[in-house]
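To start, the structure under review is shown below, and the notes come after it.
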Amino acid sequence: MDAASLEGTARPSLSPRGLDARTFVRPAVIVALLAFVLFALPALLSLYYVDALTQVAIYAIVALGLGLLAGRVGLVSLGQAAVLALGAWVAARLLFATALPFPIVLLLAGLVTMALGTVVGLPALRLSGLYLALITLMLAGAITVVLATTNFPNGGHGFLGYNSNALHTPAMRRPTIASSDPAFFRYSVIVGALMFLLALVHVRTRPGRAWAAIRQSEAAARAAGINTTLYKLWAFALASFVTGVAGGLLAGSSRYLYSIDFPTQASITLLAVVLMGGIFSLWGAIVAALLLQLLPALLNSWGVSPDWLTILFGIGVLQVLTTAPAGLVDQVPKDLARVGRLLSGVARRRARTGESTP
Amino acid sequence: MSTFRVASRARLSLALTGAIGVTVLAGFALSGTSSSAATTRGARAADATSYCGTKPGVAATGTPINLGTIDTKQAGTDFSDISSMAAAYFACVNANGGINGHPIKYDVQYDQTQPAQIAAAAKALIQTDKVVGIVGVTDILECTIDQAYWKSLGIFEIDSGIAPECWSTPNSAAVNMGPRYSSDGAVQYALEQHATKIVFDQSNVPGTGYIAAGPAAIAGAAHVPITQLTENVPVTDASSVALKEVDDAGPNGAVILNFTPPDALVILQAAQKLGIVNRVKLWGCSTPCNTDFLAKSLGPAWNHKLFVNAELTDPDGATGAEFALYRGILTKYGSAVSGGIGSFSQMGFVEAKFAVKALETIKGAYTIKSVNAAFEGIKNYKSAMLCSPWTYGNLALHIPNNVDYTTTTDNGIMVVAQGCHKISSADPQIAKYRTVAAAHGL
Amino acid sequence: MPGGIDLHPLIIGVLGLPSWLDFQPFIYTGLALGGVYALSGVGMVVLYRATGVLFLAFGAVGAMGALIAWQLINAAGLNQWLAYLICILFGGVVTLGYGIVFGRALAAREPLVKAVATLGLALILLGLMDLLWTSSGGESRSITLPTDNSGFIISQIQVTWTQVIGLACGVVMTIVTGAFLRFTKLGTAMRALANDREITATLGVPVRRVEAAAWFGCGILAGFAGVLLADLVALDATTLTFLVISSLAAALIGRLRSIVVTFVAAIVIGLVDAMITPIQSITNYRDMTPFVLAAVALLVVNRQRANSLSREGI
């Protein structure tokens, strides 16, 4: 098949829309936005929302990895939450076992997850489309069972680092420069920005062009002399790396990790929000993370049952796949423009009728 | 292709709107049925509620006292009935004079077992909602996550917990016994019935080793062999699980389960379908099985075969002023309590009652300091729902509820099989608590 | 990792194998579990062959039907057979509704898109079920079919008629649907339609009516499986909704095409899973069985087939 399965009629441009540096205005806007998020937001919001936004920053990285795979290369993974759990497990083990600086832990978590992701990805790459998605779902199921049995490290000894007898579970450490919640929020945003930059560099250079070719037609890409296996594996490695780093951040932000937080179905929800956010733009990852982490926080504080969220995500998936393949990040501006046109049309008509009536 | 898309778009949006509409209607239908069910249960008991406060019939209008809670509310594990019942109790107090004229404002935070979310909820309660006390917490992880935070603020929470820290830290005291001590009680009952082997099976959730240590110590003290098992939940192959348990226990052994009601139910039903219920001496269960829902699903085939450790007095047929008040509040204010009469709402009732009684002792302003001093100072508060008086106190650990009942299935309901019975000090944590409490003159 | 074949030396060498007598009853529980996987695995393959859609909401549709039946029996006091009939009809109607609206809208899209869209339906139904049937008061629900109360004894354990029916349904479904798709006019039309909608349409097959029949039929299957699974596994929305993930393993081994292979794979998965149960040291890893077997089958055994599959556009 021509791996362009999820895009429907929407054909993304080669460069990521929104992060395109056609002018100097756009980077300037992004820098200003980042500065606002880093310095103004933590002061403006209560700690409850600062904590929620920390999760948004972390899950934006996860969504970025999945969005890259699905949108850029046309590889859909239904096991990305399990990859996140792997990264978090590695980071937790390192945080308890070593005194390594936090950035090193993040890097190692990313690298180990990348290695594991690539090992898993290598045989899976022979498959594509539906089969690849289902095999990742199977692998996620297996990882979930292993994690449920081994548990996350909680300061115990041995390779697994799990002490099931603990009367007091110790918290995981955070970097000294980011021990408070607002500081860790800034830390996560900066790491997240670095991951987005890494992704952007990939998308704008050779790998990005190769991925685009593979997505359009794998056979044509191969005919054009592109090593499709290498570049597909590269995409898997990159997605696993950023997801592993996100796992490390998750360990630091939650300070406690439990396998019950990573059920197999979490990967399904993750794919749902990533599709809703939009997989053809890097901004879509941020929208996805807002849906997945900020929306529940809002609903919780309004006293609305989280079950509505599940329903909303379900409707969102159907809506995206049938009518808006580029996701909210594409659809909302279009809809706003349409509403704007409609309103201005109405206004104009009003004005005209106003003129005609004395 | 594109024309097809355009043509279908209208129909699709119609379908999506329809889906949302149906969902909303369904939501209303649900809330409609639950509230009407509550009101039909009669206003007869309404007058019983008037003495939950100090001034019957006079609504409290002073500055509110803010209390808060954090409860697990997710598919499959939903403890919101406990805080809903506590909220109903507080509503009753507010309608009948409040606390010296001050109404209680109760802020409920729900979580889906994510540690970051639970930490954030605690901060929201303190910083945004300005709560001065934490009452009614029922959560899988809360005690672990927030203990350090409560300690730093001087908050003493009153909860019905699950995590080990609910019973092993200075800043938490629970009205229930939790998985470990409740499993202790179930094992103890089996040993008293002369079981020669114990098979203890529990869901594979955080802290299985901590929980299993209790039954292991109890069985060890009686020189009875014990096998420890864990199962990943939800259980999909209940037949194999039941078979394994029965094989391990043998004809004179006992199988003790520590699961949520749905998982316990599928295992017990699988045993029945396999025809192996009578191949062990008895079946036991920690407190979650103590619901009439379970007894009803099991039916008469299980009469007096399953023995459940119960932390609270069986409400079926219980009389007296406190149970009248409990039923009255449930009828008049408890429309949100979906499970109605049962151990969940009983826990919420007891926690709210103790909190209110402690608040009534405060002279002066209601601050974090004064409110938590009152909570910590709770000493020998009595409730008809508990076997023994309940004490908080300035202790390193709190297991204030350590005397309990055993219930058994009887034609679709749970009935008492054994009255109040002390949990054995063979469990080292129980022994430690009793020593510490005795040293403080409790 | 406990895979099918490399398991035995491990067990014998390290773990101390329980005696054959101890294993025997687990064969029957394994067959019952295999029957459970077969029921939804075969159901999904049938649907895939008839509509070209991997219907991942199979479990959710059945679960909601079963919960509605439970509600009708326990709250409204309805006759249980009538309630189960309503459950089965619910499956048919919901699936048909989905097929008419989204099945058609997505007809020209990739199999992956069609499959992911059904996850959307699964999420909507799951959210609805959690809203409508809460467990905030410690509620636990169950469906007990009359066939649970009797059966026969094998190897000291009772096999209930429900378990026999479950297994038999798998066999019957395998034979009947296989024959239906192969030998009847409607079945052939369905297969043709699933393969290529436009060519089939030009051949004069009444596309809409055939499709509607396929969706409705498969929905009926989902509802029927829902009642049985609620009895055999648990009446729990999340459990039944995501049971499809484990059942999918069997369908994957059958490469979403072969109903017979799917059935056999489901039975093997159930057997391996159950046989691991009494082995203490790895018993907690037994739930990996479907995933590991599916992964092995797909990645190792079908190395060559996989390449051709990817060309087929699956």
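Among the numbered conditions (1) out of contact with any Gly (no Cβ under 9 Å at 6 or more places or on another chain); (2) assigned to a helix (DSSP H, G or I), tell me where A:Val304 comes up short.
Going through the list (1) out of contact with any Gly (no Cβ under 9 Å at 6 or more places or on another chain); (2) assigned to a helix (DSSP H, G or I), A:Val304 breaks only (2).
Any idea how many residues of region B:281-314 are more than 23 Å from B:Asp139 (Cα to Cα) and free of Cβ contacts under 8 Å to residues at least 40 places away in the same chain?
3
Name the residues in region C:266-275 that are crowded, with 24+ Cβ neighbours inside 10 Å and β-branched (Val, Ile, Thr), would you?
Within region C:266-275, just C:Ile269 meets the criteria.
Please go through region C:123-134 and give me each residue that is assigned to a helix (DSSP H, G or I) and either more than 7 Å from chain A (Cβ to nearest Cβ) or within 12 Å of A:Leu312 (Cα to Cα) (or both), ordered by number.
Residues satisfying the conditions are C:Leu123, C:Ile124, C:Leu125, C:Leu126, C:Gly127, C:Leu128, C:Met129, C:Leu132.
Output the number of the condition that B:Tyr210 fails; it satisfies all remaining conditions of (1) part of a helix (DSSP H, G or I); (2) away from chain A (no Cβ under 13 Å); (3) among the hydroxyl-bearing types (Ser, Thr, Tyr).
Looking at each condition in turn, B:Tyr210 falls short on (2).
Which of the residues belonging to region B:125-140 are within 11 Å of chain A (Cβ to nearest Cβ) and in contact with an Asp or Glu (Cβ under 8 Å, 6 or more places away or on another chain)?
Once the filter is applied, which keeps residues that are within 11 Å of chain A (Cβ to nearest Cβ) and in contact with an Asp or Glu (Cβ under 8 Å, 6 or more places away or on another chain), region B:125-140 yields B:Leu125, B:Asp129.
Considering only residues that are of a type in the set (Ser, Thr, Tyr) and either at pLDDT below 90 or under 15 Å from C:Leu293 (Cα atoms) (or both), look in region C:240-265 and name the one that is surrounded by the fewest Cβ atoms within 10 Å (Cβ to Cβ).
C:Ser258
Yes or no: C:Ala222 closer than 26 Å to C:Leu125 by Cβ, buried (at least 23 other Cβ atoms within 10 Å of the Cβ) and of a type in the set (A, V, I, L, M, F, W, C)?
yes
Kindly establish whether A:Ser179 is touching a helix residue (DSSP H, G or I) at 6+ places or on another chain (Cβ under 8 Å), in the same structural domain as A:Gly248 (by TED's automatic domain parsing) and of a type in the set (S, T, N, Q). Walk me through how you get there before you give the answer.
Values: touching a helix residue (DSSP H, G or I) at 6+ places or on another chain (Cβ under 8 Å): no; in the same structural domain as A:Gly248 (by TED's automatic domain parsing): yes; of a type in the set (S, T, N, Q): yes.
Here the answer is no, as A:Ser179 does not meet what is asked.
Could you please give the count of residues in region A:117-133 that are in a helix (DSSP H, G or I) and within 14 Å of chain C (Cβ to nearest Cβ)?
Residues in region A:117-133 being in a helix (DSSP H, G or I) and within 14 Å of chain C (Cβ to nearest Cβ): 11 in total.
So which residues in region C:135-166 are among the small types (Gly, Ala, Ser), more than 7 Å from chain B (Cβ to nearest Cβ) and assigned to a loop (DSSP other than H, G, I, E, B), if there are any at all? Spell out the reasoning first.
Quick first cut of region C:135-166, residues among the small types (Gly, Ala, Ser) only: C:135-138, C:140, C:142, C:150-151, C:155, C:166.
Among the residues that remain, those that are also more than 7 Å from chain B (Cβ to nearest Cβ) are: C:150-151, C:155, C:166.
C:Ser150, C:Ser155 - these are the residues of region C:135-166 that are among the small types (Gly, Ala, Ser), more than 7 Å from chain B (Cβ to nearest Cβ) and assigned to a loop (DSSP other than H, G, I, E, B).
Output yes when any residue across region C:234-245 is in a helix (DSSP H, G or I), of a type in the set (Phe, Trp, Tyr) and touching a Leu at 6+ places or on another chain (Cβ under 6 Å), and no when none is.
First pass over region C:234-245, keeping only residues in a helix (DSSP H, G or I): C:237-245.
If we keep only those that are of a type in the set (Phe, Trp, Tyr) too, we end up with C:242.
Subset that is touching a Leu at 6+ places or on another chain (Cβ under 6 Å): none.
Within region C:234-245, not a single residue is in a helix (DSSP H, G or I), of a type in the set (Phe, Trp, Tyr) and touching a Leu at 6+ places or on another chain (Cβ under 6 Å).
Of the conditions (1) within 12 Å of chain A (Cβ to nearest Cβ); (2) touching a residue at least 40 places away in the same chain (Cβ under 8 Å); (3) part of a helix (DSSP H, G or I), B:Asn94 clears all except one; give me its number.
(1)
Would you confirm whether any residue within region A:253-263 is out of contact with any helix residue (DSSP H, G or I) (no Cβ under 6 Å at 6 or more places or on another chain), assigned to a helix (DSSP H, G or I), farther than 15 Å from A:Leu66 by Cβ and hydrophobic (A, V, I, L, M, F, W, C)?
yes
Take A:Leu270 and tell me if it is under 12 Å from the mean Cα position of the chain (by Cα), of a type in the set (A, V, I, L, M), closer than 24 Å to A:Trp89 by Cα and within 13 Å of chain C (Cβ to nearest Cβ).
yes
Every residue in region A:297-318 that is within 14 Å of chain C (Cβ to nearest Cβ) and either in contact (Cβ under 8 Å) with a residue 40 or more places away in the chain or among the hydroxyl-bearing types (Ser, Thr, Tyr) (or both), please. Give the derivation first.
So the first thing to find is which residues in region A:297-318 are within 14 Å of chain C (Cβ to nearest Cβ), and the list is A:299, A:303-318.
Scanning region A:297-318 gives A:Ser305, A:Thr310, A:Phe313, A:Gly314, A:Gly316, A:Val317.
Go through region A:159-170 and count every residue that is closer than 14 Å to A:Trp89 by Cα and either buried (at least 17 other Cβ atoms within 10 Å of the Cβ) or not hydrophobic (A, V, I, L, M, F, W, C) (or both).
2
Failed condition for B:Val416, given (1) in a strand (DSSP E or B); (2) closer than 21 Å to B:Thr138 by Cα, with all others met?
Among (1) in a strand (DSSP E or B); (2) closer than 21 Å to B:Thr138 by Cα, B:Val416 violates only (2).
Hey, among C:Gly120, C:Gly62, C:Gly97, C:Gly43, which residue is surrounded by 24 or more Cβ atoms within 10 Å (Cβ to Cβ), among the small types (Gly, Ala, Ser) and facing another protein chain (nearest Cβ under 10 Å)?
C:Gly120
How many of the residues in region A:135-159 are outside any helix (DSSP H, G or I), in contact (Cβ under 8 Å) with a residue 60 or more places away in the chain and more than 10 Å from chain B (Cβ to nearest Cβ)?
Count: 1.
Within region C:89-101, work out how many residues are modelled with pLDDT under 95 and over 13 Å from C:Ala57 (Cα atoms).
The qualifying residues number 2.
Restricting attention to region B:324-345, and to residues there that are of a type in the set (Phe, Trp, Tyr) and within 24 Å of B:Gly178 (Cβ to Cβ), which single residue is modelled with the lowest pLDDT?
B:Phe344
Kindly list the number of the only condition in (1) under 19 Å from C:Ala115 (Cα atoms); (2) assigned to a helix (DSSP H, G or I) that fails for C:Val210.
Condition not satisfied by C:Val210: (1).
Limited to region B:215-245, what total is found for residues that are in a helix (DSSP H, G or I) and more than 9 Å from chain C (Cβ to nearest Cβ)? Steps first, please.
Residues of region B:215-245 that are in a helix (DSSP H, G or I), as a first pass: B:215-221, B:238-245.
From the residues that got through so far, the ones that are more than 9 Å from chain C (Cβ to nearest Cβ) too are B:215-221, B:245.
The total comes to 8.
Would you point out the residue of region A:160-190, among those that are assigned to a loop (DSSP other than H, G, I, E, B) and aliphatic (A, V, I, L, M), that is farthest from B:Ala120 (Cα to Cα)?
Top of the filtered list is A:Leu160.
In region B:250-295, what count of residues is obtained for those that are assigned to a loop (DSSP other than H, G, I, E, B), within 11 Å of chain C (Cβ to nearest Cβ) and small (Gly, Ala, Ser)?
Result for region B:250-295: 1.
Determine whether A:Leu275 is assigned by TED's automatic domain parsing to the domain that holds A:Val56, buried (at least 23 other Cβ atoms within 10 Å of the Cβ), over 25 Å from A:Val191 (Cα atoms) and of a type in the set (A, V, I, L, M, F, W, C).
On the way: assigned by TED's automatic domain parsing to the domain that holds A:Val56: yes; buried (at least 23 other Cβ atoms within 10 Å of the Cβ): yes; over 25 Å from A:Val191 (Cα atoms): no; of a type in the set (A, V, I, L, M, F, W, C): yes.
Considered against the rule, which asks whether it is assigned by TED's automatic domain parsing to the domain that holds A:Val56, buried (at least 23 other Cβ atoms within 10 Å of the Cβ), over 25 Å from A:Val191 (Cα atoms) and of a type in the set (A, V, I, L, M, F, W, C), A:Leu275 comes out as no.
Could you list all residues from region B:357-397 that are part of a helix (DSSP H, G or I) and either of a type in the set (Asp, Glu) or more than 16 Å from B:Ile155 (Cα to Cα) (or both)?
Within region B:357-397, B:Lys357, B:Glu376 meet the criteria.
Which condition number does C:Lys114 fail, the rest of (1) of a type outside the set (S, T, N, Q); (2) within 7 Å of chain B (Cβ to nearest Cβ); (3) within 11 Å of A:Leu321 (Cα to Cα) being met?
Result: C:Lys114 passes all but (2).
The values are calculated or read from the model by the stated rules, or taken from the named source; none is laboratory data. Remember, predicted model here, so these are calculated numbers, not experimental data. Cβ: placed from backbone, ideal geometry, glycine included. Neighbour counts: every protein chain shown.
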